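Readers should treat all values here as calculations from the given coordinates under stated rules, not as data from a laboratory. Bear in mind the structure is a predicted one, so any value in this text is a computation, not a measurement. Heads up, the Cβs are rebuilt from the backbone with ideal geometry, glycines too, and the neighbour counts pull from every protein chain shown.
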Amino acid sequence: MMIAVSLALPAVVQAQWAALPPYNVLWPLWSPALSPGGTPLVTSLTKNTVLPVQPALAWDPLQPAGTGKPWALYNTPTAFGGGLLFFDLYYGLNPWPPSYMVDPVTGAPKPITLPIGWSVLLPTPLKGFEYFIPLANAIYSYQYGVPIASLLTSADIWGVAPLI
């Protein structure tokens, strides 16, 4: 006697991330503030990218999914020379890109080779970011004099009601 077993798989798995050139860092398609309609607000992440909202998030795909925190990205005010900054918990605010993403001899981008299934990795959970984003915003605001009220909150980025 043979019993047939059927597994139902969705016809289309929805992408949760977009790889942005030239480094292939991952941009969150699941964030209404950063990807309205599922389209990233920017088309690339270079040291001269101007972000329409701050902070933006980008994930280093070299980090295993679910570990660490994505980078919070900010624009350096023009009075300080302009450019893109990234914030991480260990090193604070630094010029984009991280040094390991740049060829030390040529200065050219070293794109990350993305793992299979990178676009459908689960969205970054909100848990833990209710502290990370305010910390990043406070440090950026303090260092560059940008009004903290002009920056996105964790709730804005994840598209949820304000956190209490």
Quiz item: If a residue has to be aromatic (F, W, Y), surrounded by fewer than 15 Cβ atoms within 10 Å (Cβ to Cβ) and within 26 Å of P22 (Cα to Cα) to count, how many in segment 98-143 make the cut?
Solution: 1
Practice problem: Only residues that are surrounded by fewer than 17 Cβ atoms within 10 Å (Cβ to Cβ), outside any strand (DSSP E or B), in contact (Cβ under 8 Å) with a residue 24 or more places away in the chain and of a type outside the set (A, V, I, L, M): list them for segment 75-93, please. | Solution: P77, F80, G82
Exercise. Residue by residue through segment 94-133, note down the ones that are polar (S, T, N, Q) and assigned to a loop (DSSP other than H, G, I, E, B).
Key: T106, T113, T124
Quiz prompt | Hey, V146 out of contact with any Pro (no Cβ under 6 Å at 6 or more places or on another chain), surrounded by 11 or more Cβ atoms within 10 Å (Cβ to Cβ), aliphatic (A, V, I, L, M) and assigned to a loop (DSSP other than H, G, I, E, B) or not | solution = yes
Self-check item: Of residues in segment 13-41 being β-branched (V, I, T) and surrounded by fewer than 18 Cβ atoms within 10 Å (Cβ to Cβ), the one nearest to A108 (Cα to Cα)
Solution: T39
